[in-house]
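Down below is the structure, laid out as structure tokens.
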There are 2 protein chains.
Amino acid sequence: LSSLKLTQPFIIQEELKNIYLFFTHLFIYFALGSRYVSKTATKTVSEFEYDAPSMKTAVPGPKSQELLRQLGEIQNVGAIHFFCNYEESRGNYLVDVDGNRMLDVYTQISSIPIGYNHPALIKVMTNPNNVSAFVNRPALGILPPENFPEKLFESLLSIAPSGMNRVQTMACGSCSNENAFKSMFIWYRNKERGYASPSEQEVGTCMINQSPGCPDLSILSFMGAFHGRTMGCLATTHSKAIHKLDIPSFDWPIAPFPKLQYPLEEFVRENAQEEARCLEEVEDLIVKWRQKRKPVAGIVIEPIQAEGGDNHASPDFFIKLRNIARKHGCAFHVDEVQTGGGTTGKFWAHEHWGLDDPADIVSFSKKLLTGGYYHRDELQPDKPYRIFNTWMGDPSKNLFLSEVLNVIRRENLLEEVTRSGKALLQGLYSLQTQYPHILSRARGQGTFCAIDACSDATRDSIMLKARNKGLFMGSCGEKTIRFRPALVFKEYHVHQLLNILNDILAEHK
Amino acid sequence: LSSLKLTQPFIIQEELKNIYLFFTHLFIYFALGSRYVSKTATKTVSEFEYDAPSMKTAVPGPKSQELLRQLGEIQNVGAIHFFCNYEESRGNYLVDVDGNRMLDVYTQISSIPIGYNHPALIKVMTNPNNVSAFVNRPALGILPPENFPEKLFESLLSIAPSGMNRVQTMACGSCSNENAFKSMFIWYRNKERGYASPSEQEVGTCMINQSPGCPDLSILSFMGAFHGRTMGCLATTHSKAIHKLDIPSFDWPIAPFPKLQYPLEEFVRENAQEEARCLEEVEDLIVKWRQKRKPVAGIVIEPIQAEGGDNHASPDFFIKLRNIARKHGCAFHVDEVQTGGGTTGKFWAHEHWGLDDPADIVSFSKKLLTGGYYHRDELQPDKPYRIFNTWMGDPSKNLFLSEVLNVIRRENLLEEVTRSGKALLQGLYSLQTQYPHILSRARGQGTFCAIDACSDATRDSIMLKARNKGLFMGSCGEKTIRFRPALVFKEYHVHQLLNILNDILAEHK
């Protein structure tokens, strides 16, 4: 009920003139019999944030539609939801160009760490000392700025996964994974040739794309994985056909990812069997590809398969997989592009595994604001220019990241995520108990949560209705709704979300 | 002599206390007998710029060396020249952390369009209306900001190559080329299947990297080309072995790029023969790869091969190549990542060919500050999410680009580039006439110039000496010095450059 009280001032101020919308809101908040009863939660979000969603039109509204038409002359706009007024967006609330204000639990495909227009980030922008970092983008690999090592220590290295003291920044997630793969190939070949110089034949053949210079090495990935869309990454991505159709690829091994039953704690035995089956297949594939003379240089995996439908596996699965990698001399690459940055309640999702040396490479992007990857000493290329490009990241993003980390520490946001995540998952459990014909398989870690609808059509319908009621969510997999709120998502917002979802489900026929 | 006069106030102000350096400078400017006599050139650079280089230590100086040590604990630092003080850098002058001020004709691997800390760009940063674009990076493919179409029209579309009214932004040059390649593959397969829906078999096989879903299509590239380092791009890059060694690749056709004799106008007949030979080989390869069942979906080429050693070809060569592409149903992709942005005297280097419809795709990055590519209508993917990623560029870079274009127009920088380029090339011709045992093959278009040294060791030695005298240049190919100044590089700077080079060559034994 506290959430309701807090929405009243906003209704009075902004909505009173619009009687129709006022009654619509009253209907949403009072009229539905099967209303989800939210627990009391104190509002602790920063002063600058809004109190609640506020809808003025269906989404996309007329202004968005006009802009869609304009942009449609330049680009394919089929994936665009609506146009945004980022100036007016604040915290967890995304405002569109038609003045609709939505609770955003998709956060630009999980890439906004501490909400919109966080005052701490605006301060970074308006600090005159930082102007030069924005205006003069350096070629970091040859001419870094004076404060580059300091900023790396203060930002990325201060949150380095255990065992990793080296980091390479990149401009985006795909570039991060591409270069991580390249590091694994270089490392593997150096091992194979006993760290000797490459032969003349290798140097000659690599220039014309032929072996042995361009060797037939492979990366083992998992069905349902998403590691990006550039051609190396795409060969390890197996989430949706639309990502891959018509693009040439590599003959690399693809293992099954465990299909677990949820809640995990209720299906321990069944899930362990399923994981054992997948691990056995991994080893078989490694042997098979060695026999095919396309040895597996590295294994790449997400701690939670995100685009593929929020598929979890147990710490035990990852521990055993890591051991298989070591046993067969493959590098082990944990792709934390979507799971990293605190959303699971730990800064890196793989920290939940409880391993001292969980990986050889950990890649990131999205919430980290810059792409890149950490790696062990051995994975550092032996020579300069092997891992290289013009920009190698963007120091202005490192400035923002430093400040994001300050906010995370100052406001104990990982604890908040754990608290909000528990409330969210509990709420999803309640909803699927209440609507078992519509929802199932609620699952999550921190606020990195998901729930399945009974069909893709139902999922899409729920999402569109939610959007029109001021809740903006994302989808993944075949019929999954994924929740990817920012780290400033509080219990207060959880209950807003659950109330809206509950209203829609109650209406659903 | 005018350049000398202008350096005097600076010497008095900043150098007088340092008697040793003062005399060093006097030596550089007066003492050498074979001094290159520069023509009179009026200084027209903005008030904010420095007058001349100013060196305080050898490069890298002690501060750079200490920072190299620090960063070496995190990354391979073998490619780093020195650390920069970007706050103090202005216009064409890059200042390092040891207080050395160098005339920069490499400009962050050709990626700084209008010099360091241009007041117009600082104004973009400090305009409160722009804060939100920096602080809230959107997922452009799903939730663009309100002004996104307007900013695209005002920036990228205002300079679109002829025949191109569609543009897709990306975060960097490699991502631009990767996605341009993907667009060509999708376009080619849609043609092949008669624009029908993909078969079930295609949808099924693409998920496991197999044909026909992931077809054996190829991109034809040229020996000496550089199109990036992600795995798709890398399969079309053939400039240096260190870029490609140990990385798996695709069996794609590689044609010879014409090896021309310079100056082009003196070897018209010989060069035409060489170009005809290469074009014949292109057609042979297209036929051969069709027979191998790996048909060529697209041809990718740089208007001037940059990383590969500044290799030019005639407009006639490109016109015929474009016709070959059309004849065989291949898309034609002009990679302007390094040549684009005005440095050849036209905004796009391929505009020098004088063709109405020179290309199907034109990719860019670097001086454009954002990556991306223009394309014809037909090259637009038929469905959303086929060309997609989280960020799809960065609107804050579009803001800077708009302002860069304003400056280019306001200050007639393309005309300036043409003027400075002529002076630079004339100067290089003089130098190679004066030092024929050291220099040869001076060539260029606009300020996009290059000259070869007699060996890689001589080239490297000249570059290091120049750096210590305040001239920072880049290399490419095997023994080439490349000049990549910003668009604000004036005749005044040309003569500074030539004077320093001449001093070094006169000393060279």
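The values are calculated or read from the model by the stated rules, or taken from the named source; none is laboratory data. Treat the numbers as computed from the prediction; the structure is a model and nothing was measured. Quick reminder, even Gly has a Cβ in these numbers, built from the backbone with ideal geometry, and neighbours come from all protein chains shown. Note: accessible area is taken over every heavy atom of the protein model, side chains too, but ligands, DNA and RNA are not part of it. Shrake-Rupley method; radii C 1.70, N 1.55, O 1.52, S 1.80 Å.
Points worth noting:
- Conditions (1) under 20 Å from A:Asn398 (Cβ atoms); (2) at the interface with chain B (Cβ under 10 Å from one of its Cβ atoms); (3) open to solvent by less than 30 Å² (accessible area, probe 1.4 Å): number failed by A:Thr126: (3)
- A count restricted to region B:124-140 and to residues that are in contact with a Ser or Thr (Cβ under 8 Å, 6 or more places away or on another chain), in a loop (DSSP other than H, G, I, E, B), of a type outside the set (Lys, Arg) and touching a residue at least 60 places away in the same chain (Cβ under 8 Å) stands at 2.
- Tally of residues being at the interface with chain A (Cβ under 10 Å from one of its Cβ atoms), among the small types (Gly, Ala, Ser) and part of a loop (DSSP other than H, G, I, E, B) across region B:60-104: 3
- Elements of the type helices (runs of 4 or more DSSP H) sitting completely within region B:172-269 and holding at least 3 residues that are facing chain A (nearest Cβ under 10 Å), surrounded by 21 or more Cβ atoms within 10 Å (Cβ to Cβ) and under 20 Å from the mean Cα position of the chain (by Cα): these cover B:173-192, B:231-234.
- When region B:270-286 is filtered for residues that are in contact with a His (Cβ under 8 Å, 6 or more places away or on another chain) and open to solvent by 30 Å² or more (accessible area, probe 1.4 Å), only B:Glu283 remains.
- Selected residue (criterion: nearest to the other protein chains (Cβ to nearest Cβ)) from residues of region A:346-400 that are under 23 Å from A:Phe226 (Cα atoms), among the small types (Gly, Ala, Ser) and not in a strand (DSSP E or B): A:Ser365
- Residue that is modelled with pLDDT of 95 or more and buried (at least 24 other Cβ atoms within 10 Å of the Cβ), where the choices are A:Thr390, A:Thr418: A:Thr390
- Scanning region A:422-432 for residues that are open to solvent by less than 20 Å² (accessible area, probe 1.4 Å) and in contact with a Pro (Cβ under 9 Å, 6 or more places away or on another chain) turns up just one, A:Leu424.
- Some residue of region A:329-336 being closer than 17 Å to A:Phe483 by Cα, outside any loop (DSSP other than H, G, I, E, B) and under 27 Å from the mean Cα position of the chain (by Cα): no
- Taken together, the residues in region B:323-346 that are open to solvent by 10 Å² or more (accessible area, probe 1.4 Å) and either touching a Leu at 6+ places or on another chain (Cβ under 9 Å) or aromatic (Phe, Trp, Tyr) (or both) amount to 4.
- Evaluation of B:Ser111 against (1) over 24 Å from the mean Cα position of the chain (by Cα); (2) open to solvent by less than 30 Å² (accessible area, probe 1.4 Å); (3) within 8 Å of chain A (Cβ to nearest Cβ) (one fails), failing number: (1)
- Here B:Ser46 passes the criteria (1) at pLDDT 95 or above; (2) surrounded by 14 or more Cβ atoms within 10 Å (Cβ to Cβ) except the one numbered (1).
- Of all residues in region B:401-414, those satisfying the criterion of being out of contact with any Lys or Arg (no Cβ under 9 Å at 6 or more places or on another chain) and in a helix (DSSP H, G or I) are B:Leu405, B:Asn406, B:Val407, B:Ile408, B:Arg409, B:Arg410, B:Leu413.
- Yes/no for B:Leu121 being touching a residue at least 24 places away in the same chain (Cβ under 8 Å) and facing chain A (nearest Cβ under 7 Å): yes
- Residue satisfying condition, being among the small types (Gly, Ala, Ser), open to solvent by 20 Å² or more (accessible area, probe 1.4 Å) and modelled with pLDDT of 95 or more, within set A:Ser402, A:Ser314, A:Ser363, A:Ser396: A:Ser314
- Pick from region A:162-171, criterion surrounded by fewer than 24 Cβ atoms within 10 Å (Cβ to Cβ) and more than 8 Å from every other protein chain (Cβ to nearest Cβ), ranking: modelled with the highest pLDDT: A:Met164
- Within region B:455-489, the set of residues being assigned to a loop (DSSP other than H, G, I, E, B) and either open to solvent by 10 Å² or more (accessible area, probe 1.4 Å) or of a type in the set (Asp, Glu) (or both) comprises B:Ser455, B:Lys469, B:Gly477, B:Glu478, B:Lys479, B:Val488.
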